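Read the structure below first, then the notes.
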Amino acid sequence: MAALEVENLVTEFDTANGVLRAVDGVSFTLAPGQITGLVGESGSGKTVTGFSLLGLVDAPGRIVSGSIRLGGTELVGRPETELRRRRGAEIAMIFQDPIATLNPLLAIGAQMRMALEAHRSVSRREANARCIEVLDQVGIPEPRARLGSYPHELSGGMRQRVAIAIALLHGPAVIVADEPTTALDVSIQAQILHRMRMLADETGSAVLWISHDLATVSGLASRLLVMYAGRIVEFGNTAEVLRDPRHPYTRGLIDSLPGTVAAGEPLRQIPGGAPSLSALPPGCAFAPRCPHADVDCAKPVELHERGERGWRCIHPLGPERSDPFA
Amino acid sequence: MSGYVLQRLLQAALVMVAMSAIVFVGVYAIGNPVDIVIPPEATQDIRAATIARLGLDLPLWQQYLIFVRNLFDGDLGRSFIYNEPVLSLIAGRLPATLELVLLSVLSATVFGIALGVYAGYRPDSVLAKAIMAVSVLGFSVPTFWIGLILILTFAVNLGWLPAGGRGQTVDLLGVAWSFPTLDGLRHLVLPAVNLALFKFAMMIRLARAGTREVMLSDTIKFARAAGIRESTILRRHLLKLISIPIITVFGLELGSTLAFAVVTETIFSWPGVGKLIIDSIAVLDRPVMVAYLLLTTLLFVIINLTVDLLFALIDPRIRARGAA
Amino acid sequence: MSAPVSPLARFWAEFRRSPVAVAALLVVVVTSLLAIFAPWVAPQDPYDLTTLSLLDARREPGFVGSGGYAHLLGTDPQGRDLLSAILYGMRISLQIGLAAGTVALFLGTTIGILAAYARGWVETVLMRIVDLQLSFPAILLALVLVALLGQGKAQLITALVAAQYAYFARTAYGAATAERRKDYVEAALATPLSGRRVAIFHLLPNCLPPLIVVATVQIANSISLEATLSFLGLGLPVTEPSLGMLISNGFPYMMSGRYWISVYPGIALIVLIVAINLVGDRVRDQFNPRLRR
């Protein structure tokens, strides 16, 4: 059974500029032990999607419609008390900047115990034991000593491992990771990514890895979801999507990676900028920047699904069509 | 940690020495100290004799050194006006000021923080907006004016509370305090409220600003994502995180409150140290002025020291920096 | 794409959205105008002893005095028309508040930026003095200075400036130091450009937003402090009755029911201070990026 099933999720924000639809009918499934990457630019709605899964969308935002089923149980519309019981225990989240998410005034052990005691009543000794267990799992040396450390005494990579450890405390079925390595050094990034892969295998948790960086995600995730202006525009097995992208935006993302260009050659960019959510064109949101767009693209575009693959484009790139931005 | 404490103590001592010199020189150097003691029509001989008797003919630095030496004997000089030792003058009136200030500060802080946290937690509620409106008034309106209004309303128009003076006192540990008696409390209410209002408003604003900022931070989001109960979050994350800016201002404002006690004591005819200093300043009774300023400085230094030590207790990053 | 909007216009558009702040600003403008034009607006010159008559003293609002006109707010113990006295009093309050605030602003900013720019022992010494002064209550310092310097406008302004410049210095120092650390400033300092240019063109503009906020608060504080000092009898001399002195004059009469002598000047004082603080509040909220969602 799927760990998480999302169907037609719509999340909106009431702003001074009107109602903005940050998540516009997003659907996907997460399987246990599998790492799924959710890729998109800033403003694509990927972070809001993550928060929606945990029911943490702050006013003036709210989930308007759709369904989120965690282990078969519907989450949308449930009262806050019920959602709180599941947060951390069945579905956990890791944030981007560990220096901001850990309280500088409390010791690591204290913060971990708080997260543990939120869902279980345990003695101090049992709590410490469990904390040491997960700290070890994320690869922190001398975990017992680390319990008494303060956040500022640890390096960025260590802090993020602590954040991951906290997410693991209750053995959640789903872990949502929002840009967890963006604030870290490249070498540390690699370590964390490697550790994440091991953990997903060991614990069987489904991981949703949200990022704007296609390069890191592609090394880690087995499935890829590409998001643009609040909609999923392409999804599928990572290797397939990278080798054989169908949506021009995905193609553009792949091409903008520095590694795809020969040394000395100018880097490639997708022309134009991300659209403002208050001024979306009718139909395909990517049309204004797409070299293949025509009149038909002004009509709403459905997601074409073929088994495990899908794309939201009426002029998809095929194996025959090469680089559209040349 | 002990390095940090030592460092702070040393700084405090230096400040005291520097301030004592500045205060002494400042007060005695400007104008002619002897003018208030002798009537203007006195002869030159009497003038010269008085100057010599009071030691005012010596060079200023010598006067300062004598002053400092006397300090170690517990002698703060003699008031020009009352012809009494300054120390006993001040000590006699200190309890009155202390009970007024302590009562004000405690009530202002407790209620101010409580209301401020609420206003920051639910900023859009009607109650929160009302609290903020009241705080602007408490913050802007001069203390003496509020005192007047309080007297006008509660003493003159409603007749519920006395318009001034201190109530009945009771002897505790050899000192006369008025708060244990009912009559004493009746007399304490208005001046304490008057004095507390400014600090109360300030605490509300601080607590609200701090709460709003913290509640929007990633730390709180992360805690919520971990499924921690709101009450636990408020208790263990919020209160600790806002305590640092609050304690900083608390320390500063404590001094301000002590200073404003001067105004309140004048309006309510409260027989404390504040009234003494106003009278002394008006007639330029320099020994009293110097002693009062030095005691105030000492108090400040102690307050600042305590605040710094509290910081080190709360924030592990400061402990680490201090030990380096 | 619309034409670029100047920062001032953008600021004003945002400011306009709060009705309270706009109302407060209106109050400040109106009272300032009234104060500036007091000699023409007031029915009586409260300093001109020839127009005063003791027969008019302590009369209730609405009383028609020997001058032939109705005293809208009553009269004070010297027979002065209270409305005129209040207008002139506000004039003085604003004069002193603005003068003290402006001088403190200049002095404090110079010290703060100098300390941030010069660094080294200059920075340490200057900031230690500022810190020392910050921990000392303004009112006490002002009291002592006024007592030692004597009464008079210049002396009072000096005392107020001495009591307040530290806030400006601290604020300017904080903002300038933060800016100083930025790479572009280090780069600019490495060029043959004079350090003074760097200080003025790079450090100073960054200090302006927080300084403006502090300035509004401090002007309100100066007015409040001056009123308090005058109330205690240590502020301006009797010949220039500020609002504080009017209030203190009326204090003995409060018990006997002649409240207007103290209350009306008090209301005028409060309206002025609260309005300035409200404007300052709004300005501060607008400049604080962390409160934006």
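We did not get these values from a lab; they are worked out from the coordinates using the rules stated. What you see is a predicted model; the values in this text were computed from it and never measured. Backbone-built Cβ (ideal geometry, glycine too); neighbour counts: all protein chains shown.
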Residues of C:227-233, mean number of Cβ from any other protein chain within 10 Å of their own Cβ, rounded to a whole number?
5
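Please give the length that would be gained between residue B:153 and residue B:102 if that part of the chain were fully extended, namely 0.36 nm times their separation in residues minus their C-alpha to C-alpha distance (nm, one decimal).
On the way: separation 51, 0.36 × 51 = 18.36 nm, distance 2.44 nm.
Additional length available on full extension: 15.9 nm.
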In the stretch A:50-140, if every C-alpha pair distance is counted and binned at 5 Å from zero, what percent goes to each bin?
2, 11, 18, 21, 18, 14, 10, 4, 1
Summed side-chain charge close to residue A:165 - residues other than residue A:165 whose Cβ falls under 11 Å, Lys, Arg +1, Asp, Glu -1:
+3
At 7 Å along the Cα-to-beta-carbon direction for both residue A:153 and residue B:235, put a label point, then send me their distance in nm to one decimal.
2.6
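Which peptide among A:236-246, C:80-90 comes first, and what is the full order, when sorted by highest mean count of other Cβ atoms within 10 Å?
Going by the mean number of other Cβ atoms within 10 Å, highest first, we get C:80-90, A:236-246.
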Under the Kirkwood approximation for Rh and a Cα-based Rg, what ratio Rg/Rh is obtained for the stretch B:49-99?
1.07
Shielding of C:126-139 by partner chains, average beta-carbon count, 10 Å
4
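Quick check: net charge around residue B:101, other residues with Cβ under 15 Å of its Cβ, Lys/Arg +1 and Asp/Glu -1? Present the calculation step by step, with values, prior to reporting the outcome.
Working: positive: B:93, B:166, B:199, B:275; negative: B:99, B:253, B:265.
Taking every Cβ under 15 Å from that of residue B:101, the sum is +1.
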Could you give the size of the charge dipole of the stretch C:63-161 about its Cα centre, using +1 on the Cβ of each K and R and -1 on the Cβ of each D and E, expressed in debye and rounded to the nearest 20?
120
Helix-derived mean residue ellipticity, 222 nm - over chain B, DSSP H n ≥ 4, -39500 (n - 2.57), to 500:
-24000 deg cm²/dmol
Rg (one decimal) and Dmax (whole number) from the Cα set of the stretch B:1-123, in Å, equal 22.2, 74
For the stretch B:97-150, what percent of Cα pairs sit more than 18 Å apart?
45
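Which percent of the Cα-Cα distances in chain B go past 35 Å?
37
In Å, what Kirkwood hydrodynamic radius results for the protein assembly as shown from the alpha-carbon pair distances?
That comes to 32.8 Å for the protein assembly as shown.
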Any residue on another chain or 5+ positions along whose placed amide H is under 5 Å from the amide H of residue A:175 is listed here as A:92, A:206, A:207, A:208
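Name the shape class, rounded, prolate or oblate, that the alpha-carbon gyration tensor gives for the stretch A:117-214, where a ≥ b ≥ c are the square roots of its eigenvalues, rounded holds for a/c under 1.5, and otherwise prolate holds if a/b is larger than b/c and oblate otherwise. Display every interim value, and only then the final one.
Details: a/c = 2.04, a/b = 1.32, b/c = 1.55.
It is oblate, given that a/c is not under 1.5 and a/b is not larger than b/c.
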Counting Lys and Arg as +1 and Asp and Glu as -1, each charge on the Cβ, what is the dipole of the stretch A:1-82 about the Cα centre in debye, to the nearest 20?
120
Based on the alpha-carbon set only, what is the convex hull volume of the stretch B:113-245 divided per residue, in Å³?
155
So, counting K/R as plus one and D/E as minus one, what does the shell of residues with Cβ under 9 Å around residue A:70 add up to?
-1
Which whole-Hz ³J(HN,Hα) couplings does the stretch A:6-15 yield from phi under the Karplus relation 6.51 cos²θ - 1.76 cosθ + 1.60, θ = phi - 60°, glycine and proline marked x?
10, 10, 6, 6, 10, 10, 10, 10, 8, 10
Treat the count of other C-beta atoms within 10 Å as a stand-in for reagent exposure and order B:177, C:40, B:61 from fewest to most.
C:40, B:61, B:177
Toy charge model, Lys and Arg Cβ at +1, Asp and Glu Cβ at -1: chain B dipole around Cα centroid in debye, rounded to 20, equals 1560
Please compute the contact order of chain C in relative form: average sequence separation of alpha-carbon pairs under 8 Å and at least six residues apart, divided by the residue count, as a percent.
22
Report the calculated FRET efficiency for residue A:85 and residue C:134 (r = Cβ-Cβ distance, R0 = 35 Å), to the nearest 0.05.
0.10
For the stretch A:107-236, whose charge dipole is built from +1 on Lys and Arg Cβ atoms and -1 on Asp and Glu Cβ atoms, the candidate among A:190, A:108, A:210 with its Cα farthest towards the positive end is A:108
In degrees, nearest ten, helix B:2-29 long axis to first principal axis of chain B (Cα):
40
Across the stretch A:193-263, what fraction of all alpha-carbon pairs, as a whole percent, falls in each successive 10 Å bin from zero upward?
18, 50, 26, 6, 0
Shielding by other protein chains, B:142-154, mean Cβ within 10 Å
6
With 0.36 nm assigned to each residue of separation and the Cα-Cα distance removed, residue A:7 to residue A:306 gains 105.9 nm
Please report the spacing between the Cα centers of the stretch C:107-184 and the stretch A:183-226 in Å, no decimals.
53
So the FRET efficiency between residue C:178 and residue C:149, C-beta based with R0 = 30 Å and rounded to 0.05, is 0.25
Give me the base-10 log of I(q)/I(0) for the stretch A:182-326 at each q in 0.09, 0.11, 0.14, 0.16 Å⁻¹, Debye formula, one uniform scatterer per Cα, rounded to two decimals.
-0.32, -0.48, -0.76, -0.96
Bin width 10 Å, origin at 0, all Cα-Cα pairs of chain C: what percent of pairs per bin?
6, 23, 27, 22, 13, 6, 2, 0
FRET efficiency for residue A:29 and residue A:198 from the Cβ-Cβ distance with R0 = 22 Å, rounded to 0.05, comes out at 0.45
Under the classification rounded if a/c is under 1.5, otherwise prolate if a/b is larger than b/c and oblate if not, where does the stretch C:127-217 fall, given a ≥ b ≥ c as square roots of the Cα gyration tensor eigenvalues?
prolate
Compare the Cα positions of B:283, B:270, B:233 along the charge dipole of the stretch B:228-309 (+1 at Cβ of Lys, Arg; -1 at Cβ of Asp, Glu; about the Cα centre) and return the one farthest towards the positive end.
B:233
MRE, 222 nm, helices only [DSSP H, n ≥ 4, -39500 (n - 2.57), over chain A, to nearest 500]
-8500 deg cm²/dmol
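Sort largest first and round to whole Å: the equivalent ellipsoid semi-axes of the stretch A:18-77, each the square root of five times a Cα gyration tensor eigenvalue.
Working: eigenvalues 80, 51, 17 Å².
So the equivalent ellipsoid measures 20, 16, 9 Å along its semi-axes.
Once Rh is set to the Kirkwood radius over Cα pairs, what Stokes-Einstein translational diffusion coefficient, in µm²/s, holds for chain A at a temperature of 20 °C and a viscosity of 1.002 mPa s?
103
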Can you tell me what percent of all Cα-Cα pairs in the stretch C:202-247 are more than 17 Å apart?
48
The relative contact order of chain B, taking Cα pairs under 8 Å that sit 6 or more residues apart, comes to a percentage of 27
Each label sits 7 Å from Cα toward the beta-carbon; between residue B:65 and residue B:309 the label points are separated, in nm, by 3.4
Round to a whole angstrom and tell me the spacing of the C-alpha centers of the stretch B:57-88 and the stretch C:213-292.
38
Quarter of the Cα convex hull surface for the stretch C:183-293, i.e. its orientation-mean projected area (nm²)
11.4
Can you compute 3J(HN,Hα) from phi for each residue in the stretch B:181-186, using the Karplus curve 6.51 cos²θ - 1.76 cosθ + 1.60 with θ = phi - 60°, rounded to whole Hz and x for Gly and Pro?
9, 5, 4, x, 5, 4
When you take every Cα atom in the stretch B:169-324, what is the radius of gyration, and what is Dmax, the widest Cα pair distance, in Å?
20.7, 66
Of C:102, C:75, C:235, farthest towards positive along the dipole that unit charges on Lys, Arg, Asp, Glu beta carbons give chain C:
C:102
